[in-house]
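The values are calculated or read from the model by the stated rules, or taken from the named source; none is laboratory data. All values reported here derive from a predicted model rather than from experimental measurement. Glycine also receives a Cβ, built like all others from the backbone with ideal geometry; neighbour counts cover every protein chain displayed.
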Amino acid sequence: MAIKQIYLTEQVPADHLLGTFLDDSHYDTLIAEDCDIYKPIYRKKGDTANDGEQNLLLKFRRNVFSPELVKCAYGGLKEAAQASQNRGIAAGPRTEKSTGRDWVTLIQEKLLDVLSGTASTIDSSDPIQDVYDKYESDSSQVGPRGSVWMTQKRPTGFDCNEWVHKTKKLSAAERTKEVEQVYDWISDTSYANPVNSGIAGYFDRYPRIPYCRTTAYTAANTQSFESAIPFIEAVSDQFKALIPGRYEAQKEAMAHLDSSFRVGNSVYTTITVNKTYRTAAHRDAGDLAEGFGNLTCTWDGVRGWEGAYLVFPAFRCAVNVRPGDMLAMDVHEIHGNTPIHSENGDHERISIVCYMREKMANCKSKAYEEARYRFVETRRLDKTRSEWFDKWNGVSTGMWDTDEWYKFLLDNGLHEYANAMNTKKAVNAGLDI
Ligand SMILES: [Fe+2]
């Protein structure tokens, strides 16, 4: 039987729903059988791609993974979803008020995202101004990550707007240093609603953990994680069959990575696992732009659930993803779940999102990234250092340009990388080499 094809002709505004819970009022069509859905066509100027994958919203296939594979996904990944307070707006509206805390506001978070290069700034000549235009009217709103300023670290009199004004004029390298410094004044503690969510596989560097690494779950549960690999590879095969163009783009990006950062033979670096987690309306971030999100779910075979439909409110449709099903979807469109329920209230839904983290492309060899980790740890534990303070994470501005790091690379037999540092220094100094 031919797969049902839906070519949408319109979409409705949905940005105002971000961070709120969705329900049955946010969709008209519920997809529960094989189906492809295409967004309304509106091309950007100069965009000539016309391969059908360009405007794809989702492809859904029922029951493509065997019960054995679904079971191996459950056994290998369920424990990756641990209580987490770090999921930002997907965790839903915060219930507590920000009394007595110096919250990082929404506008401050957005400005930091732009300055650190983690925000999407496509089609914008002045992304900083865009943030002010968009969020200034609501400048007291707390950011979705629910972080707070650490007043004991942040210099007295620090003026964020003044700092942004000064920092945006700096070179990319100097800007990175400035942003790292400011991130260091923000508390790790997040006050978003706690949810059961976690990551498996591998993760990229970010300012406070500046090395690519195996996630804590995978490092501590290697055997268990490996038992899920046949399932993850089967998801990757489905991706290939359903969306070959985007699969090839992701495969090509993965080919440049050290194979130690690849999950089995799949095109994924990272797996997000959520347990009975009703996400509020959100867009995903951090995945490869040319790739595509791959979502599946699993269960223990006993504690079934109803609901938890994945709604795309801008397109007025929702998908009922059940164990064994495959949903390839544009995760950059706003999406979230309807309530999860069961007759006796005892249910467990494990959802699994497989993707390539875009910034993993910056990871060098496993040996090099491990050396970065050891370097950070050596510094963190060395109380004789002038930078040392209780709970210091070992990271400081400019540490990767120091002679100390250069020597560390040599001592660890990583001459190639030490030489690259020399070359960079010579180029920066304008030497002709
Ligand atoms: Fe998502």
Filter segment 334-356 down to residues that are of a type in the set (D, E, K, R) and in contact with a Phe, Trp or Tyr (Cβ under 8 Å, 6 or more places away or on another chain), then give me how many there are. 2
Quick test for you: out of 258, 325, pick the one residue that is assigned by TED's automatic domain parsing to the domain that holds residue 204, away from the ligand (no atom under 15 Å from the Cβ), surrounded by fewer than 18 Cβ atoms within 10 Å (Cβ to Cβ) and in contact (Cβ under 8 Å) with a residue 60 or more places away in the chain. 258
The condition from (1) touching a residue at least 40 places away in the same chain (Cβ under 8 Å); (2) within 25 Å of residue 55 (Cα to Cα); (3) not in a loop (DSSP other than H, G, I, E, B) that residue 252 misses is numbered (1)
Filtering segment 342-363 down to residues that are outside any loop (DSSP other than H, G, I, E, B), over 22 Å from residue 80 (Cα atoms) and not aliphatic (A, V, I, L, M) yields 362
Is it fair to say residue 358 is acidic (Asp, Glu), touching an Asp or Glu at 6+ places or on another chain (Cβ under 7 Å) and surrounded by fewer than 22 Cβ atoms within 10 Å (Cβ to Cβ)? yes
Determine whether segment 215-225 contains at least one residue that is more than 16 Å from the ligand (Cβ to nearest atom), touching a Ser or Thr at 6+ places or on another chain (Cβ under 9 Å), at pLDDT below 95 and not in a helix (DSSP H, G or I). yes
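Yes/no matrix, rows are residues, columns are (1) within 16 Å of the ligand (Cβ to nearest atom); (2) in contact with a Cys (Cβ under 7 Å, 6 or more places away or on another chain); (3) within 30 Å of residue 247 (Cβ to Cβ):
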| residue | (1), (2), (3) |
| --- | --- |
| 338 | yes, no, yes |
| 347 | no, no, no |
| 350 | yes, yes, yes |
| 357 | yes, no, yes |
| 361 | no, no, yes |
| 366 | no, no, yes |
| 373 | no, no, no |
| 377 | no, no, no |
Per-region count, segment 169-189, residues part of a helix (DSSP H, G or I) and over 20 Å from the mean Cα position of the chain (by Cα): 8
Options 279, 269: the member that is within 19 Å of the chain's Cα centre (by Cα) and away from the ligand (no atom under 16 Å from the Cβ): 269
I need every pair where a residue in segment 49-78 that is free of Cβ contacts under 8 Å to residues at least 60 places away in the same chain has its Cβ under 7 Å from the Cβ of a residue that is outside any loop (DSSP other than H, G, I, E, B), sequence separation at least 6 or different chains. 55/38
Residues located in segment 8-24, provided they are under 15 Å from residue 318 (Cα atoms) and not in a helix (DSSP H, G or I): 8, 11, 12, 14, 21, 22, 23
Hits in segment 285-304 - residues which are away from the ligand (no atom under 11 Å from the Cβ) and either of a type in the set (Asp, Glu) or buried (at least 18 other Cβ atoms within 10 Å of the Cβ) (or both): 288, 290, 291, 292, 294, 296, 297, 298, 299, 300
From the residues in segment 363-407 that are farther than 13 Å from residue 211 by Cα and among the β-branched types (Val, Ile, Thr), which one is modelled with the lowest pLDDT? 397
Residues in segment 261-312 that are of a type in the set (D, E, K, R), part of a loop (DSSP other than H, G, I, E, B) and modelled with pLDDT under 95: how many? 6
Heads up, the strands (runs of 3 or more DSSP E) in segment 25-113 (entirely inside) with at least 2 residues that are at pLDDT below 90 are 82-84
Would you mind stating whether residue 376 is in contact (Cβ under 8 Å) with a residue 24 or more places away in the chain and not assigned by TED's automatic domain parsing to the domain that holds residue 283? yes
Specify which of the listed residues (332, 341) is surrounded by fewer than 16 Cβ atoms within 10 Å (Cβ to Cβ) and closer than 25 Å to residue 34 by Cβ. 332
